[in-house]
Amino acid sequence: MNIQNIRKDFPILKQEIYGKPLIYLDNAATTQKPVSVIEAMNDLYFRLNSNIHRGVHYLSEESTSAHENARKYIADFIHAKHTHEIIFTRGTTEAVNLVAFSFGEKNIQQGDEILVTEMEHHSNFVPWKMLAERKSAKLIVLPFEEDGSLSLEKFQSAITEKTKIISITHVSNVLGTINPVKEMIRIAHEADVPVFVDAAQSIQHLSVDVQDLDCDFLAFSGHKIYGPTGIGVLYGKEKLLDEMPPYQGGGEMISSVSLDKITYNELPFKFEAGTPNYVAAIGLQAAIKYLEDIGMQDVIKYEHDLFAYATEQLLQIEGLKMIGTAKKKTSVLSFVMDGIHPYDMGTMLDKTGIAVRSGTHCAEPVMQHYGISGTIRASVALYNTKAEIDKLVENLNKIQMILS
Ligand code: PMP
(Lines give C-alpha, C1' and ligand atoms only; values in the text may rest on other atoms or scores of the structure.)
Protein backbone atom coordinates (compact mmCIF):
# COMPACT_ATOMS: atom_id res chain seq x y z
CA MET A 1 0.00 0.00 0.00
CA ASN A 2 1.62 3.24 -1.13
CA ILE A 3 0.28 5.78 1.31
CA GLN A 4 1.55 8.84 -0.55
CA ASN A 5 -0.25 7.72 -3.72
CA ILE A 6 -3.38 7.03 -1.72
CA ARG A 7 -3.30 10.50 -0.21
CA LYS A 8 -3.13 11.98 -3.70
CA ASP A 9 -6.50 10.35 -4.43
CA PHE A 10 -8.16 12.55 -1.79
CA PRO A 11 -8.04 16.18 -2.97
CA ILE A 12 -9.39 17.59 0.30
CA LEU A 13 -6.33 16.37 2.21
CA LYS A 14 -4.02 18.68 0.26
CA GLN A 15 -5.31 21.87 1.81
CA GLU A 16 -4.08 23.96 4.70
CA ILE A 17 -6.26 25.05 7.61
CA TYR A 18 -5.13 28.24 9.40
CA GLY A 19 -1.92 27.94 7.41
CA LYS A 20 -1.23 24.41 8.71
CA PRO A 21 -1.52 21.18 6.70
CA LEU A 22 -4.88 19.58 7.37
CA ILE A 23 -4.69 16.49 9.57
CA TYR A 24 -8.08 14.88 9.31
CA LEU A 25 -8.78 12.57 12.25
CA ASP A 26 -12.57 12.72 12.32
CA ASN A 27 -13.15 9.68 10.17
CA ALA A 28 -15.66 8.03 12.48
CA ALA A 29 -17.98 10.98 11.79
CA THR A 30 -17.41 10.87 8.06
CA THR A 31 -14.60 9.91 5.69
CA GLN A 32 -13.18 11.92 2.82
CA LYS A 33 -13.89 10.92 -0.77
CA PRO A 34 -11.42 9.80 -3.42
CA VAL A 35 -11.51 11.40 -6.88
CA SER A 36 -12.95 8.22 -8.38
CA VAL A 37 -16.10 8.57 -6.25
CA ILE A 38 -16.58 12.23 -7.12
CA GLU A 39 -15.96 11.50 -10.80
CA ALA A 40 -18.38 8.56 -10.90
CA MET A 41 -21.16 10.81 -9.63
CA ASN A 42 -20.20 13.71 -11.88
CA ASP A 43 -20.14 11.38 -14.84
CA LEU A 44 -23.65 10.26 -14.09
CA TYR A 45 -24.85 13.86 -13.97
CA PHE A 46 -22.90 14.79 -17.09
CA ARG A 47 -23.98 11.86 -19.24
CA LEU A 48 -26.77 9.71 -17.91
CA ASN A 49 -28.96 11.51 -15.42
CA SER A 50 -32.52 10.28 -15.59
CA ASN A 51 -34.99 8.98 -13.05
CA ILE A 52 -34.62 5.22 -12.77
CA HIS A 53 -37.08 2.35 -13.15
CA ARG A 54 -39.72 4.42 -14.88
CA GLY A 55 -38.52 5.32 -18.33
CA VAL A 56 -38.30 3.45 -21.60
CA HIS A 57 -35.77 5.89 -23.03
CA TYR A 58 -32.03 5.38 -23.29
CA LEU A 59 -30.95 7.56 -20.36
CA SER A 60 -33.43 6.01 -17.98
CA GLU A 61 -32.43 2.51 -18.97
CA GLU A 62 -28.75 3.32 -18.54
CA SER A 63 -29.16 4.95 -15.14
CA THR A 64 -31.44 2.12 -14.01
CA SER A 65 -28.88 -0.47 -14.94
CA ALA A 66 -26.09 1.55 -13.27
CA HIS A 67 -28.19 1.66 -10.10
CA GLU A 68 -28.96 -2.04 -10.16
CA ASN A 69 -25.32 -2.89 -10.93
CA ALA A 70 -24.37 -0.91 -7.84
CA ARG A 71 -26.79 -3.00 -5.79
CA LYS A 72 -25.23 -6.19 -7.16
CA TYR A 73 -21.73 -4.88 -6.47
CA ILE A 74 -22.62 -4.08 -2.85
CA ALA A 75 -24.33 -7.47 -2.41
CA ASP A 76 -21.10 -9.17 -3.52
CA PHE A 77 -19.00 -6.94 -1.29
CA ILE A 78 -20.82 -8.07 1.86
CA HIS A 79 -21.43 -11.58 0.48
CA ALA A 80 -25.20 -11.40 0.51
CA LYS A 81 -26.84 -14.48 -0.95
CA HIS A 82 -29.29 -12.45 -3.06
CA THR A 83 -29.02 -9.02 -4.62
CA HIS A 84 -32.60 -8.22 -3.56
CA GLU A 85 -31.50 -8.53 0.07
CA ILE A 86 -29.81 -5.12 -0.39
CA ILE A 87 -32.16 -2.22 0.35
CA PHE A 88 -30.89 1.29 -0.32
CA THR A 89 -31.59 3.73 2.50
CA ARG A 90 -30.38 7.22 3.40
CA GLY A 91 -27.91 5.72 5.86
CA THR A 92 -27.58 3.53 8.92
CA THR A 93 -30.11 5.60 10.84
CA GLU A 94 -32.83 5.09 8.28
CA ALA A 95 -32.03 1.38 8.07
CA VAL A 96 -32.48 0.96 11.83
CA ASN A 97 -35.72 2.94 11.74
CA LEU A 98 -36.96 0.84 8.83
CA VAL A 99 -36.45 -2.43 10.69
CA ALA A 100 -37.59 -1.09 14.07
CA PHE A 101 -40.79 0.11 12.41
CA SER A 102 -41.50 -2.67 9.94
CA PHE A 103 -40.21 -5.74 11.79
CA GLY A 104 -41.51 -4.18 15.01
CA GLU A 105 -44.97 -3.57 13.57
CA LYS A 106 -45.36 -7.22 12.75
CA ASN A 107 -43.48 -8.98 15.52
CA ILE A 108 -43.41 -6.93 18.73
CA GLN A 109 -46.27 -7.24 21.18
CA GLN A 110 -46.93 -5.86 24.63
CA GLY A 111 -44.46 -7.25 27.18
CA ASP A 112 -41.92 -8.42 24.55
CA GLU A 113 -38.26 -7.57 24.98
CA ILE A 114 -35.85 -5.85 22.60
CA LEU A 115 -32.20 -6.21 23.54
CA VAL A 116 -29.53 -3.61 22.77
CA THR A 117 -26.26 -2.71 24.46
CA GLU A 118 -25.19 0.27 26.50
CA MET A 119 -22.60 1.25 23.88
CA GLU A 120 -25.02 1.86 21.00
CA HIS A 121 -25.01 5.05 18.97
CA HIS A 122 -28.30 6.91 19.48
CA SER A 123 -29.27 5.73 15.99
CA ASN A 124 -29.31 2.16 17.22
CA PHE A 125 -30.96 3.00 20.51
CA VAL A 126 -33.66 5.62 20.01
CA PRO A 127 -35.62 3.79 17.24
CA TRP A 128 -35.79 0.67 19.45
CA LYS A 129 -36.82 2.74 22.46
CA MET A 130 -39.54 4.38 20.35
CA LEU A 131 -40.70 0.93 19.21
CA ALA A 132 -40.79 -0.31 22.82
CA GLU A 133 -42.88 2.70 23.81
CA ARG A 134 -45.27 2.28 20.86
CA LYS A 135 -45.86 -1.36 21.67
CA SER A 136 -45.59 -1.30 25.48
CA ALA A 137 -42.62 -3.61 25.11
CA LYS A 138 -39.39 -3.47 27.14
CA LEU A 139 -36.04 -2.23 25.95
CA ILE A 140 -33.38 -4.26 27.77
CA VAL A 141 -29.91 -2.70 27.78
CA LEU A 142 -26.90 -4.94 28.22
CA PRO A 143 -24.21 -2.99 30.12
CA PHE A 144 -20.60 -3.12 28.95
CA GLU A 145 -17.58 -3.94 31.10
CA GLU A 146 -15.19 -1.29 32.43
CA ASP A 147 -12.77 -1.78 29.53
CA GLY A 148 -15.58 -1.24 27.03
CA SER A 149 -16.06 -4.88 26.04
CA LEU A 150 -19.21 -6.99 26.21
CA SER A 151 -19.47 -10.13 28.31
CA LEU A 152 -20.80 -13.09 26.32
CA GLU A 153 -22.08 -14.70 29.54
CA LYS A 154 -24.08 -11.60 30.44
CA PHE A 155 -25.29 -11.37 26.87
CA GLN A 156 -26.52 -14.95 26.96
CA SER A 157 -28.35 -14.45 30.24
CA ALA A 158 -29.97 -11.22 29.01
CA ILE A 159 -31.84 -13.25 26.35
CA THR A 160 -35.18 -14.56 27.60
CA GLU A 161 -38.14 -16.23 25.94
CA LYS A 162 -39.61 -12.74 25.57
CA THR A 163 -36.66 -11.42 23.53
CA LYS A 164 -37.90 -10.78 19.98
CA ILE A 165 -34.97 -8.94 18.42
CA ILE A 166 -31.41 -7.99 19.34
CA SER A 167 -29.52 -5.04 17.89
CA ILE A 168 -25.79 -4.58 18.45
CA THR A 169 -23.04 -2.48 17.06
CA HIS A 170 -20.16 -4.29 15.37
CA VAL A 171 -17.69 -1.56 16.35
CA SER A 172 -18.41 1.15 18.94
CA ASN A 173 -18.06 4.70 17.63
CA VAL A 174 -16.80 5.87 21.04
CA LEU A 175 -14.92 2.93 22.54
CA GLY A 176 -13.56 1.46 19.33
CA THR A 177 -14.44 -2.01 20.65
CA ILE A 178 -14.87 -4.73 18.03
CA ASN A 179 -17.73 -6.80 19.41
CA PRO A 180 -17.76 -10.57 18.91
CA VAL A 181 -20.89 -10.33 16.78
CA LYS A 182 -20.49 -13.71 15.12
CA GLU A 183 -20.47 -15.44 18.51
CA MET A 184 -23.32 -13.26 19.76
CA ILE A 185 -25.41 -14.12 16.70
CA ARG A 186 -24.76 -17.82 17.28
CA ILE A 187 -25.94 -17.48 20.89
CA ALA A 188 -29.02 -15.47 19.85
CA HIS A 189 -29.95 -17.98 17.17
CA GLU A 190 -29.86 -20.81 19.72
CA ALA A 191 -32.79 -18.95 21.27
CA ASP A 192 -34.31 -18.25 17.83
CA VAL A 193 -33.85 -14.50 18.14
CA PRO A 194 -32.89 -12.48 15.04
CA VAL A 195 -29.96 -10.07 15.25
CA PHE A 196 -29.47 -6.66 13.65
CA VAL A 197 -25.83 -5.58 13.27
CA ASP A 198 -24.97 -1.88 13.10
CA ALA A 199 -21.91 -1.96 10.83
CA ALA A 200 -21.56 1.84 10.51
CA GLN A 201 -18.09 1.71 12.09
CA SER A 202 -16.95 -1.70 10.88
CA ILE A 203 -17.69 -1.82 7.16
CA GLN A 204 -14.71 0.44 6.32
CA HIS A 205 -12.23 -1.21 8.71
CA LEU A 206 -13.02 -4.96 8.75
CA SER A 207 -14.12 -7.66 6.33
CA VAL A 208 -17.87 -8.00 6.64
CA ASP A 209 -19.45 -11.20 5.37
CA VAL A 210 -23.15 -11.40 6.17
CA GLN A 211 -23.39 -15.11 5.42
CA ASP A 212 -20.43 -15.94 7.59
CA LEU A 213 -21.78 -13.76 10.42
CA ASP A 214 -25.24 -15.21 9.77
CA CYS A 215 -26.75 -11.86 10.85
CA ASP A 216 -30.41 -11.31 10.06
CA PHE A 217 -30.03 -7.60 9.33
CA LEU A 218 -26.99 -5.38 8.86
CA ALA A 219 -26.70 -1.69 8.06
CA PHE A 220 -24.04 0.80 7.09
CA SER A 221 -23.70 4.35 5.73
CA GLY A 222 -21.99 5.23 2.46
CA HIS A 223 -20.34 8.37 3.80
CA LYS A 224 -18.30 6.44 6.38
CA ILE A 225 -16.77 4.16 3.74
CA TYR A 226 -15.38 6.88 1.44
CA GLY A 227 -18.71 7.18 -0.39
CA PRO A 228 -21.24 9.99 -0.62
CA THR A 229 -23.72 11.17 1.96
CA GLY A 230 -27.41 10.37 1.61
CA ILE A 231 -26.95 6.69 0.84
CA GLY A 232 -26.78 3.65 3.06
CA VAL A 233 -27.53 -0.01 2.96
CA LEU A 234 -29.85 -2.29 4.82
CA TYR A 235 -29.11 -5.95 4.32
CA GLY A 236 -31.79 -8.36 5.47
CA LYS A 237 -32.34 -12.06 5.02
CA GLU A 238 -34.82 -12.63 2.22
CA LYS A 239 -37.29 -14.56 4.37
CA LEU A 240 -37.47 -11.86 7.04
CA LEU A 241 -37.72 -8.99 4.57
CA ASP A 242 -40.43 -10.82 2.63
CA GLU A 243 -42.54 -11.18 5.75
CA MET A 244 -42.17 -7.56 6.82
CA PRO A 245 -44.70 -4.88 5.86
CA PRO A 246 -43.55 -1.80 3.91
CA TYR A 247 -42.07 1.06 5.91
CA GLN A 248 -43.00 4.03 3.73
CA GLY A 249 -45.64 4.32 1.04
CA GLY A 250 -45.24 5.98 -2.34
CA GLY A 251 -44.06 5.32 -5.86
CA GLU A 252 -41.79 2.37 -6.60
CA MET A 253 -42.87 0.30 -3.58
CA ILE A 254 -46.16 -0.71 -5.19
CA SER A 255 -46.89 -3.08 -8.02
CA SER A 256 -50.43 -1.86 -8.56
CA VAL A 257 -52.77 0.73 -7.11
CA SER A 258 -56.49 1.07 -7.57
CA LEU A 259 -58.87 3.22 -5.61
CA ASP A 260 -59.55 0.45 -3.14
CA LYS A 261 -56.60 -1.93 -3.35
CA ILE A 262 -52.82 -1.66 -3.25
CA THR A 263 -50.45 -4.50 -4.08
CA TYR A 264 -46.90 -4.07 -2.89
CA ASN A 265 -43.85 -4.52 -5.03
CA GLU A 266 -41.37 -7.33 -4.52
CA LEU A 267 -38.00 -7.05 -2.80
CA PRO A 268 -36.01 -4.84 -2.71
CA PHE A 269 -38.40 -2.23 -4.13
CA LYS A 270 -41.05 -2.83 -1.47
CA PHE A 271 -38.80 -0.89 0.91
CA GLU A 272 -37.67 1.83 -1.50
CA ALA A 273 -40.54 4.29 -1.76
CA GLY A 274 -39.94 7.34 -3.95
CA THR A 275 -37.09 8.30 -6.24
CA PRO A 276 -33.98 6.67 -4.81
CA ASN A 277 -30.64 8.42 -4.50
CA TYR A 278 -29.34 6.60 -7.57
CA VAL A 279 -26.41 9.02 -8.01
CA ALA A 280 -25.15 8.26 -4.51
CA ALA A 281 -25.65 4.52 -5.03
CA ILE A 282 -23.23 4.76 -7.96
CA GLY A 283 -20.87 6.80 -5.79
CA LEU A 284 -21.01 4.13 -3.11
CA GLN A 285 -20.17 1.44 -5.65
CA ALA A 286 -17.15 3.51 -6.74
CA ALA A 287 -16.06 3.87 -3.10
CA ILE A 288 -16.21 0.14 -2.50
CA LYS A 289 -14.37 -0.47 -5.76
CA TYR A 290 -11.69 1.97 -4.61
CA LEU A 291 -11.21 -0.02 -1.40
CA GLU A 292 -11.19 -3.33 -3.23
CA ASP A 293 -8.66 -2.08 -5.77
CA ILE A 294 -6.29 -1.27 -2.91
CA GLY A 295 -7.18 -4.58 -1.27
CA MET A 296 -9.26 -4.81 1.88
CA GLN A 297 -6.69 -7.02 3.60
CA ASP A 298 -3.95 -4.44 2.97
CA VAL A 299 -6.19 -1.69 4.31
CA ILE A 300 -6.93 -3.72 7.44
CA LYS A 301 -3.26 -4.41 8.04
CA TYR A 302 -2.23 -0.79 7.46
CA GLU A 303 -4.90 0.57 9.78
CA HIS A 304 -4.13 -2.04 12.42
CA ASP A 305 -0.48 -0.95 12.58
CA LEU A 306 -1.39 2.73 12.54
CA PHE A 307 -3.96 2.24 15.28
CA ALA A 308 -1.49 0.32 17.48
CA TYR A 309 1.07 3.09 16.98
CA ALA A 310 -1.46 5.81 17.80
CA THR A 311 -2.60 4.01 20.96
CA GLU A 312 0.97 3.57 22.16
CA GLN A 313 1.90 7.20 21.48
CA LEU A 314 -1.23 8.68 23.07
CA LEU A 315 -0.80 6.61 26.22
CA GLN A 316 2.58 8.25 26.78
CA ILE A 317 0.92 11.62 27.38
CA GLU A 318 0.72 12.35 31.08
CA GLY A 319 -2.81 12.88 32.37
CA LEU A 320 -4.41 11.27 29.31
CA LYS A 321 -6.94 8.53 29.98
CA MET A 322 -8.15 6.30 27.19
CA ILE A 323 -11.88 5.62 27.22
CA GLY A 324 -12.31 2.10 25.95
CA THR A 325 -9.41 -0.29 26.42
CA ALA A 326 -10.87 -3.55 25.13
CA LYS A 327 -8.39 -6.01 23.62
CA LYS A 328 -9.98 -5.87 20.20
CA LYS A 329 -10.39 -2.34 18.89
CA THR A 330 -10.19 -0.50 15.61
CA SER A 331 -9.91 3.08 14.34
CA VAL A 332 -11.44 5.00 17.23
CA LEU A 333 -9.32 6.58 19.99
CA SER A 334 -11.41 8.32 22.63
CA PHE A 335 -9.73 9.97 25.55
CA VAL A 336 -10.03 12.55 28.29
CA MET A 337 -7.26 14.73 29.71
CA ASP A 338 -6.88 15.85 33.32
CA GLY A 339 -8.45 19.24 33.92
CA ILE A 340 -9.12 19.95 30.23
CA HIS A 341 -12.58 20.14 28.73
CA PRO A 342 -12.82 18.10 25.50
CA TYR A 343 -14.31 21.11 23.65
CA ASP A 344 -11.36 23.31 24.64
CA MET A 345 -8.90 20.71 23.40
CA GLY A 346 -10.87 20.18 20.17
CA THR A 347 -11.01 23.92 19.50
CA MET A 348 -7.32 24.43 20.11
CA LEU A 349 -6.32 21.40 18.04
CA ASP A 350 -8.36 22.88 15.20
CA LYS A 351 -6.11 25.94 15.21
CA THR A 352 -3.17 23.61 14.54
CA GLY A 353 -4.93 22.12 11.49
CA ILE A 354 -5.99 18.97 13.30
CA ALA A 355 -9.63 17.87 13.03
CA VAL A 356 -10.83 15.68 15.88
CA ARG A 357 -14.29 15.46 17.39
CA SER A 358 -15.17 16.32 20.97
CA GLY A 359 -18.41 15.65 22.78
CA THR A 360 -20.67 12.74 23.45
CA HIS A 361 -20.53 11.30 19.92
CA CYS A 362 -24.28 10.54 19.93
CA ALA A 363 -23.71 7.93 22.63
CA GLU A 364 -24.71 9.63 25.86
CA PRO A 365 -25.22 6.35 27.78
CA VAL A 366 -21.49 5.66 27.27
CA MET A 367 -20.65 9.03 28.85
CA GLN A 368 -23.04 8.31 31.73
CA HIS A 369 -21.34 4.93 32.28
CA TYR A 370 -18.00 6.63 32.88
CA GLY A 371 -19.45 9.73 34.54
CA ILE A 372 -17.87 12.09 31.97
CA SER A 373 -19.33 14.91 29.93
CA GLY A 374 -17.54 13.99 26.73
CA THR A 375 -14.33 12.76 25.16
CA ILE A 376 -11.85 13.89 22.56
CA ARG A 377 -12.06 11.42 19.70
CA ALA A 378 -9.42 10.86 17.05
CA SER A 379 -10.36 8.26 14.45
CA VAL A 380 -8.08 7.01 11.72
CA ALA A 381 -8.72 5.96 8.14
CA LEU A 382 -6.62 4.45 5.38
CA TYR A 383 -5.06 7.80 4.37
CA ASN A 384 -3.72 8.76 7.82
CA THR A 385 -0.05 8.42 8.66
CA LYS A 386 2.23 7.95 11.64
CA ALA A 387 3.59 11.44 11.00
CA GLU A 388 0.09 12.80 11.52
CA ILE A 389 -0.22 10.91 14.79
CA ASP A 390 3.12 12.40 15.88
CA LYS A 391 1.75 15.88 15.13
CA LEU A 392 -1.38 15.11 17.14
CA VAL A 393 0.68 13.99 20.13
CA GLU A 394 3.01 16.98 19.84
CA ASN A 395 0.08 19.39 19.82
CA LEU A 396 -1.81 17.64 22.61
CA ASN A 397 1.29 18.06 24.76
CA LYS A 398 1.73 21.73 23.80
CA ILE A 399 -1.92 22.62 24.39
CA GLN A 400 -1.92 20.77 27.70
CA MET A 401 0.98 22.96 28.84
CA ILE A 402 -0.88 26.12 27.80
CA LEU A 403 -4.22 25.15 29.33
CA SER A 404 -2.83 23.97 32.64
N1 PMP B 1 -24.15 3.73 14.25
C2 PMP B 1 -22.89 4.05 14.53
C3 PMP B 1 -22.05 3.10 15.31
C4 PMP B 1 -22.37 5.27 14.09
O5 PMP B 1 -21.11 5.60 14.37
C6 PMP B 1 -23.19 6.14 13.34
C7 PMP B 1 -22.69 7.49 12.83
N8 PMP B 1 -21.87 8.17 13.69
C9 PMP B 1 -24.49 5.75 13.07
C10 PMP B 1 -24.94 4.54 13.53
C11 PMP B 1 -25.43 6.62 12.28
O12 PMP B 1 -24.99 6.76 10.98
P13 PMP B 1 -25.69 7.81 9.99
O14 PMP B 1 -25.72 9.11 10.72
O15 PMP B 1 -24.81 7.83 8.81
O16 PMP B 1 -27.06 7.29 9.70
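Some observations on this one:
- The residues of segment 210-246 that are without any contact (Cβ under 8 Å) to a residue 60 or more places away in the chain and among the hydrophobic types (A, V, I, L, M, F, W, C), listed by number, are L213, C215.
- Residue within segment 148-171 that is within 11 Å of the ligand (Cβ to nearest atom), of a type in the set (A, V, I, L, M, F, W, C) and either more than 30 Å from L25 (Cα to Cα) or outside the structural domain of K328 (by TED's automatic domain parsing) (or both) present: yes
- Condition check for Y264: buried (at least 19 other Cβ atoms within 10 Å of the Cβ), hydroxyl-bearing (S, T, Y) and either farther than 22 Å from V380 by Cα or touching an Asp or Glu at 6+ places or on another chain (Cβ under 6 Å) (or both): no
- Matching entry among E388, E312 (being free of Cβ contacts under 8 Å to residues at least 12 places away in the same chain, not assigned by TED's automatic domain parsing to the domain that holds A200 and either not in a loop (DSSP other than H, G, I, E, B) or not aromatic (F, W, Y) (or both)): E312
- For segment 352-366, taking the residues that are surrounded by 21 or more Cβ atoms within 10 Å (Cβ to Cβ) and among the β-branched types (V, I, T), the one that is farthest from the ligand (Cβ to nearest atom) is identified as I354.
- Among all positions in segment 13-22, there is at least one residue which is within 30 Å of F307 (Cβ to Cβ) and of a type in the set (F, W, Y).
- Residues of segment 361-374 classified as part of a loop (DSSP other than H, G, I, E, B) and in contact with a strand residue (DSSP E or B) (Cβ under 8 Å, 6 or more places away or on another chain), total: 3
- Filtered by the rule that a residue be more than 16 Å from the ligand (Cβ to nearest atom) and not in a helix (DSSP H, G or I), segment 25-77 gives P34, N49, S50, N51, I52, H53, R54, G55, V56, H57.
- Subset of segment 114-133 [under 26 Å from E252 (Cβ atoms) and away from the ligand (no atom under 16 Å from the Cβ)]: L131
- Residue that is assigned to a loop (DSSP other than H, G, I, E, B) and either more than 12 Å from the ligand (Cβ to nearest atom) or surrounded by fewer than 23 Cβ atoms within 10 Å (Cβ to Cβ) (or both), where the choices are G104, G111: G111
- In segment 220-233, of all residues being touching a Phe, Trp or Tyr at 6+ places or on another chain (Cβ under 7 Å) and more than 8 Å from the ligand (Cβ to nearest atom), the one that is farthest from I87 (Cα to Cα) corresponds to Y226.
- For the residues A280, A273, the requirement of being assigned by TED's automatic domain parsing to the domain that holds A199 and part of a loop (DSSP other than H, G, I, E, B) singles out A273.
- Consider segment 50-65 and keep the residues that are more than 21 Å from G250 (Cα to Cα) and touching a Leu at 6+ places or on another chain (Cβ under 7 Å). The one that is surrounded by the fewest Cβ atoms within 10 Å (Cβ to Cβ) is L59.
- Residue in segment 110-122 that is closer than 30 Å to S149 by Cα and touching a Pro at 6+ places or on another chain (Cβ under 6 Å) present: yes
- If the condition is being closer than 16 Å to T83 by Cβ and within 16 Å of the ligand (Cβ to nearest atom), then segment 234-270 contributes L234, Y235.
- Top-ranked residue in segment 134-144 [being within 24 Å of I323 (Cα to Cα) and away from the ligand (no atom under 16 Å from the Cβ); ranked as surrounded by the fewest Cβ atoms within 10 Å (Cβ to Cβ)]: P143
- Qualifying residue in segment 333-355 (condition: over 15 Å from V174 (Cβ atoms), β-branched (V, I, T) and assigned to a loop (DSSP other than H, G, I, E, B)): yes
- Here G295, G251, G232, G227 are screened, and the one residue that is modelled with pLDDT of 95 or more, surrounded by fewer than 22 Cβ atoms within 10 Å (Cβ to Cβ) and of a type outside the set (K, R) is G295.
The values are calculated or read from the model by the stated rules, or taken from the named source; none is laboratory data. As the structure is a computational prediction, the values presented were derived from the model and not from experiment. Positions of Cβ are generated from backbone atoms using ideal geometry, with glycine treated the same way; all protein chains shown enter the neighbour counts.
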